[in-house]
Amino acid sequence: MIPSKFIGILSLLIILTVSYGCTNNPPGSGGGGGEFSYDHQQNPGLSANDLLSDESFSELIVEIDYMPGYAPNTRALDSLRAFLEQRLNKTSVTILAPTQIPSGDQNSYSANDVREIESQRRNNFSEEGILATYLLITDGYYTQQNVLGIAYYNTSNAFFGPAYDDASTGFGSLTRYQVEAISFRHEFGHLLGLVNVPGSGTDMQTDHQDEQNGSHCDNESCLMYYAMQRSDLIEQLFNDETIPVLDANCIADIQANGGK
Ligand SMILES: [Zn+2]
Ligand SMILES: [Zn+2]
């Protein structure tokens, strides 16, 4: 989950977290006789090893559906692909051309709303050797208005367009590219099992979980920190559009679970 919150005019706080769904999917559902079957409705983090290592899947695809007005930022998608290529042991990472889907005509979308939309709109599922992931961008807020994104299944993230608008509007705010790139990368970080996500296999090599803030890193300059605060006017005026990277502790965790 990624909440974002303005504090005064000059500082922006983005809080980033993961959302565990109540998923109760019968094993093997959706698989036809003899066909390859993969459960895409598990909790976030449970496909961490499949994402990180090349043992079961050597290729990765990312499907993106967006509601009107919220096509993803192209540079942010390039940034996401670069991140995935850098950290996952895959021979190829393919981000499919984003597809516009109809508005859900809601001011806000709950995690269950998002799951329902996925069940109607998702077209790409994992096949032999190819792991499929799904990214949905809605035209309404999350039930908490300051949330930018949530990881809601083991291969699925949702992002909330109006929260992007809020986070990238106003003097001293992050750029649209930064807001989207940070949130895309951060939510994928949760799918990789960061930080210390139960059952993910991405175990902490060194204790660095910010337990007060859930599955997050205690290093405030790490991509997996729960919040980003930009309150320094000088820093903002000379903003070079950098985005945070994974720190050494997070990298060690994913490397120990098949990543790089
Ligand atoms: Zn987070
Ligand atoms: Zn970290």
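The numbers here are math on the coordinates, done by the rules we state, and not lab data. Keep in mind the model is a prediction, meaning the values are calculated, not measured. Please note: Cβ atoms are built from the backbone with ideal geometry, for glycine as well, and neighbour counts cover all protein chains shown.
Okay, here's what the table says:
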read-out	value
Qualifying GluC sites (Glu not before Pro) in the range 45-153, DSSP loop, other Cβ atoms within 10 Å at most 16	Glu55, Glu128
Relative contact order (percent, whole number), the range 29-107, Cα cutoff 8 Å, 6+ residue spacing	36 percent
Within the range 47-199, percent of DSSP bridges classed antiparallel, to nearest 5	20 percent
Alpha-carbon centroid distance for the pair the range 139-168 / the range 55-93, whole angstrom	17 Å
Where labels lie 7 Å past Cα in the beta-carbon direction, separation of Gln205 and Ala97 in nm	4.1 nm
Tyr225, Tyr177 arranged by Cβ crowding within 10 Å, fewest neighbours leading	Tyr177, Tyr225
